[in-house]
1. When both residues are 6+ apart or on different chains and their Cβ atoms are under 7 Å apart, which pairs have a first residue that lies in segment 29-56 and is modelled with pLDDT of 95 or more and hydrophobic (A, V, I, L, M, F, W, C), and a second that is open to solvent by 90 Å² or more (accessible area, probe 1.4 Å) and part of a loop (DSSP other than H, G, I, E, B)?
2. When you scan segment 16-23, do you find a residue that is open to solvent by 100 Å² or more (accessible area, probe 1.4 Å), under 30 Å from ILE72 (Cα atoms) and either without any contact (Cβ under 8 Å) to a residue 60 or more places away in the chain or in contact with a Gly (Cβ under 9 Å, 6 or more places away or on another chain) (or both), even just one?
3. Return the residues of segment 29-54 that are open to solvent by 70 Å² or more (accessible area, probe 1.4 Å) and of a type in the set (Gly, Ala, Ser); say none if nothing qualifies.
Amino acid sequence: MVIQIITIVLVVILLAIYVVAMPIAKRKQLQRQKDNFDQFIASLKVGDHVVMQDGITGELTQVTEDDVKIKIAANVVIRVKKMAIMTKE
């Protein structure tokens, strides 16, 4: 009987730790990812070769606060939001 109570108490303690610790750890990781992405977006400059979320690649020709213009082919320049850029090549 005592062993069953101890087991139940330990399980409840482990569940409580999991329920409290996991959201805290997840929140910290999401904040780090957001900070890294913000730094990446701030580092974009004219001449960078980038890849967008949909796989389109091109060269930045103009960078504004929210948007960028990307040359994707000869005489083809598109304007997209900075958030659509995934990485630099």
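The values are calculated or read from the model by the stated rules, or taken from the named source; none is laboratory data. Predicted, not measured: the structure shown is a model, and the values here were computed from it. Here the Cβ is made from the backbone with ideal geometry for all residues, glycine too, and neighbour counts use every protein chain on show. Note: accessible area is taken over every heavy atom of the protein model, side chains too, but ligands, DNA and RNA are not part of it. Shrake-Rupley method; radii C 1.70, N 1.55, O 1.52, S 1.80 Å.
1. These pairs meet every condition: VAL50/GLU89; VAL51/GLU89.
2. No; the residues of segment 16-23 include none that is open to solvent by 100 Å² or more (accessible area, probe 1.4 Å), under 30 Å from ILE72 (Cα atoms) and either without any contact (Cβ under 8 Å) to a residue 60 or more places away in the chain or in contact with a Gly (Cβ under 9 Å, 6 or more places away or on another chain) (or both).
3. Selection gives ALA42 alone.
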